[in-house]
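Asker: To start, I am sharing the structure in question, which I have written as structure tokens.
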Amino acid sequence: MSYRWLPLYVIAGVFVVLCALYAFATPIFEASDELWHFGMVDYIATNRTLPVQNPDIETRYEQEGSQPPLYYAIGALLIHRIDRSDYDTHARMNPHARVGIPGSVRNKNIVLHEQLNLPLQQTVLAVYVLRAFSVLLGMVTLIAVYAAAINLGGSSYAALATGLVAFNPMFLFITASVNNDNMVTMLNSLVIWQLVVMAWHGFRWQRSLFIAIVISLASLSKLSGNVLVPAIVALATYVAWRDNHWRGFITLGVLMAVAWAVIAGWWYWRNIQLYGELFGTQMMVAVAGPRMEPFTFQTILDEFEGFRIAYWGLFGGVNVLTFQVYYRLMDLLVIAAVGGLAFALRDVLPYLWRTMTRYRRPLTILDALNLYWLVTAVLFTLIFVTGLVSVIVWTAQTYASQGRLLFPFVAASGLLLASGLMYWWRGKKWHFAAALVGAYAVFALVVPFVSIRPAYTAPPTITELPDDVNPVYARYGDVALVGYRTDDRRYEPGEQVLVTVYWEVLEPSERDLSAFLTALNPAGDAIGKVDTYPGGGTLTTSTWDAGTIIADTYGIPLGAETNGQFDLRMQVGWWHYPTEDVIEPIDANGNSIESVILDVGGFSDGGLPPVRNPFFRLANFNRQIHLLGYAIGADNHELTLRWSRAGNIDDDLTVFVQVLDADGNIVGQGDAPPALSTSYWERGEVVSTRHTMNYPEPLDSGDYQVLVGWYDPIEGDRLLLRRDADADNAFPLATITVP
């Protein structure tokens, strides 16, 4: 055994174990587009032909039916003898899935699962056979990356480049799924490896034939297999000029043209015949859905965050994140690599320029190595940039801004990253490579357990409510709401209200019902809503166990454009998604309840600007609340008061408004709590309260005094008015005159 290849054996062994963990952690059809990729394989295995796309017909394979067929055809051969009659059972869509929304708390599952740990039989077995096939393709990718790297540097450099590819959690996730990216990534990586060899050793007809066949197979695997063609032409032109071997250049070109025509040309001709286009992308866009708004440079900037994250780790249906610090560390790693490449170029370019122009002597071995590094660095950069441009062009047509689409060029990006990082480590490179790759592998080991699997795990069942739960009772047919828990705090526009509702399962339902949680403003308008199957999509009411209590947690997003200051209410209910039938709630005595409304906190859009001068006030109530101003309507019925919080307020207080006649008798009142309870006010914030002053009898002509103040609605105690001792803690606001 050659010790030069020992790191590859270690990395590959760990890679296979990690792929198995990612495959186990991800339920079938929950990986990115796996449902549609498997649908394409199933169609070919069943019908022994390729589908003809029609955007008006819903299919099991959707836009993947427009993809080149090599991966799917091989997959069909692998599973065609496996019974897949239960396919529909496993492909039941979650109608409330939050696909493409990473910030969602639940409903990350694309399909419904009766259980996660399914026996390896029928459709489940077919999926895992295809996943194993994908892992095999990933193994070949690593071999190609390592072989390319070993030609550029030592085994430490090759280990670093291969480890950066192998232990990227997103690469592991895609490799352990049914996805045609795995085949084109493998084939492209093999081509890149041979390009690296060609850059040093020049043309060989055997190598040219290999490149021609493999690039043609890549072209038949995915359209991104065509992206390497400009890089091949560029490098071949350079090698032909350097070695004065234009015959080799022509041989490579002829072999590529013939191989492509024989291996892949038929499929592209089929596109012309069926859809009137060579690549079939317009039909794919029609099926997947076109981008509706204009695509501009600002669009690229706006979507770059999600694009970047999806390269390093955005799992499930583009909605499962891992630790935020991981993405920041990857940013630093890329910055360090780019910086290292820039400094390496600074060192190499002037040296080569002086050698070849000033001294005009033959290149030494060191000169040749530097030139070889420079040529391959330019080659990798060209491949990566061309791939990036192709992804941007595709993203401009449909919503596909995902960094994982760059994986077909991962051999080039991995080698570039390793080259840049190695520049900074001038000592024992093995220590650096082993430490970085080892740490990356450990993190990759953690992700399936802490990030992926929990997204599909049903919430816990309990036998009794915890002590900190707010008890409530409302029965909806076969299930009852028995309590809820939430952070009793204030929210702002764009935030999520986290609510845990406790369902007591009385018995399974005949139908699968959906729960809804709707955040309401004081007018009863919805400012945020979640519709969901129980358990955040992990449970169905027709199969859950009677006699249990389920703690079900959701994040209800509040509208970013919502305005006002008020107490938040949450309406909770159940309905049947297909028929839109709403389940009427009843109380413990069987009486009908109009609606179930829960108190979940306060909401404020910031309101009026904070008080800049705390000494400007009309009255000071117990050094807790300042009265800043007022306005009385022309009819003496409407009163608006403006307040500011000055100190700690633990209780929810109510404003009293009294209208007194000349004898001190109360002839009108307008008590009302603020729309936003005082316990949610922030220091210095300006809050308005509005009051309607009601008069039991019409007022006679004369002057009337308006008094205002605060009191505790439970205890009845008034806030101390820091004014005159005999003021009865009521501030004389104004005098109104009735003619």
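Asker: Can you find a residue in the stretch 277-289 that is open to solvent by 30 Å² or more (accessible area, probe 1.4 Å), among the aromatic types (F, W, Y) and part of a helix (DSSP H, G or I)?
Answerer: There is no residue in the stretch 277-289 that is open to solvent by 30 Å² or more (accessible area, probe 1.4 Å), among the aromatic types (F, W, Y) and part of a helix (DSSP H, G or I).
Asker: Looking at this structure, is L379 more than 16 Å from I300 (Cα to Cα), at pLDDT 70 or above and out of contact with any strand residue (DSSP E or B) (no Cβ under 8 Å at 6 or more places or on another chain)?
Answerer: Numbers: more than 16 Å from I300 (Cα to Cα): yes; at pLDDT 70 or above: yes; out of contact with any strand residue (DSSP E or B) (no Cβ under 8 Å at 6 or more places or on another chain): yes.
Against the criterion (more than 16 Å from I300 (Cα to Cα), at pLDDT 70 or above and out of contact with any strand residue (DSSP E or B) (no Cβ under 8 Å at 6 or more places or on another chain)), L379 qualifies.
Asker: Of everything in the stretch 603-627, what is modelled with pLDDT under 90, in a strand (DSSP E or B) and open to solvent by 10 Å² or more (accessible area, probe 1.4 Å)? Give them in sequence order.
Answerer: Matches in the stretch 603-627: L608, N620.
Asker: For the stretch 111-121, state whether one or more residues are part of a helix (DSSP H, G or I), open to solvent by less than 10 Å² (accessible area, probe 1.4 Å) and either free of Cβ contacts under 8 Å to residues at least 12 places away in the same chain or on the phi < 0 side of the Ramachandran plot (or both).
Answerer: no
Asker: Can you pull out every residue in the stretch 228-242 that is over 43 Å from the mean Cα position of the chain (by Cα) and open to solvent by 40 Å² or more (accessible area, probe 1.4 Å)?
Answerer: Within the stretch 228-242, W241, R242 meet the criteria.
Asker: Quick one: which of V497, V442, V505 is touching a residue at least 60 places away in the same chain (Cβ under 8 Å) and not hydroxyl-bearing (S, T, Y)?
Answerer: V497
Asker: Among the residues of the stretch 703-728, how many are open to solvent by less than 50 Å² (accessible area, probe 1.4 Å), closer than 22 Å to A662 by Cβ and at pLDDT 90 or above?
Answerer: Of the residues in the stretch 703-728, 5 are open to solvent by less than 50 Å² (accessible area, probe 1.4 Å), closer than 22 Å to A662 by Cβ and at pLDDT 90 or above.
Asker: Take the conditions more than 23 Å from A159 (Cβ to Cβ), β-branched (V, I, T) and either open to solvent by less than 60 Å² (accessible area, probe 1.4 Å) or assigned to a helix (DSSP H, G or I) (or both) and apply them to V446. Does it pass?
Answerer: No.
Asker: Exactly one of (1) out of contact with any helix residue (DSSP H, G or I) (no Cβ under 8 Å at 6 or more places or on another chain); (2) surrounded by 15 or more Cβ atoms within 10 Å (Cβ to Cβ) is unmet by S134. Its number?
Answerer: Status for S134: all satisfied but (1).
Asker: Among what's in the stretch 375-403 and is among the hydrophobic types (A, V, I, L, M, F, W, C), surrounded by fewer than 16 Cβ atoms within 10 Å (Cβ to Cβ) and closer than 25 Å to A344 by Cβ, pick the residue that is nearest to the chain's Cα centre (by Cα).
Answerer: Going through the qualifying residues, I end up with V389.
Asker: Now a separate question. Got a sec? Which of S514, S509 is touching a helix residue (DSSP H, G or I) at 6+ places or on another chain (Cβ under 9 Å), hydroxyl-bearing (S, T, Y), open to solvent by less than 50 Å² (accessible area, probe 1.4 Å) and modelled with pLDDT of 90 or more?
Answerer: Among S514, S509, only S514 is touching a helix residue (DSSP H, G or I) at 6+ places or on another chain (Cβ under 9 Å), hydroxyl-bearing (S, T, Y), open to solvent by less than 50 Å² (accessible area, probe 1.4 Å) and modelled with pLDDT of 90 or more.
Asker: Has the stretch 642-659 got any residue that is open to solvent by 10 Å² or more (accessible area, probe 1.4 Å), at positive phi and not acidic (D, E)?
Answerer: no
Asker: While we're on this one: For the stretch 243-272, name all the residues that are farther than 15 Å from I215 by Cβ, open to solvent by less than 80 Å² (accessible area, probe 1.4 Å) and either outside any helix (DSSP H, G or I) or among the basic types (K, R) (or both).
Answerer: Residues satisfying the conditions are H245, R270.
Asker: Does L35 satisfy the condition of being open to solvent by less than 60 Å² (accessible area, probe 1.4 Å), within 30 Å of A433 (Cβ to Cβ) and assigned to a helix (DSSP H, G or I)?
Answerer: No; evaluated as a whole, the condition is false for this residue.
Asker: Within the stretch 459-482, is even one residue touching a helix residue (DSSP H, G or I) at 6+ places or on another chain (Cβ under 7 Å) and not polar (S, T, N, Q)?
Answerer: Yes, the stretch 459-482 has at least one match.
Asker: Tell me which residues, restricted to the stretch 550-602, are hydrophobic (A, V, I, L, M, F, W, C), surrounded by fewer than 18 Cβ atoms within 10 Å (Cβ to Cβ) and part of a loop (DSSP other than H, G, I, E, B).
Answerer: A560, A588, I593
Asker: Okay, next question. Restricting attention to the stretch 166-179, does a residue exist that is under 19 Å from V254 (Cα atoms), at pLDDT 95 or above and outside any helix (DSSP H, G or I)?
Answerer: No, every residue in the stretch 166-179 fails to be under 19 Å from V254 (Cα atoms), at pLDDT 95 or above and outside any helix (DSSP H, G or I).
The values are calculated or read from the model by the stated rules, or taken from the named source; none is laboratory data. Since this is a predicted model, take the numbers as computed values, not measurements. Methodologically, a virtual Cβ is constructed for each residue, glycine included, from the backbone with ideal geometry; neighbour enumeration extends over all protein chains shown. Accessible surface areas use protein heavy atoms only, side chains included; no ligands, DNA or RNA. Shrake-Rupley method; radii C 1.70, N 1.55, O 1.52, S 1.80 Å.
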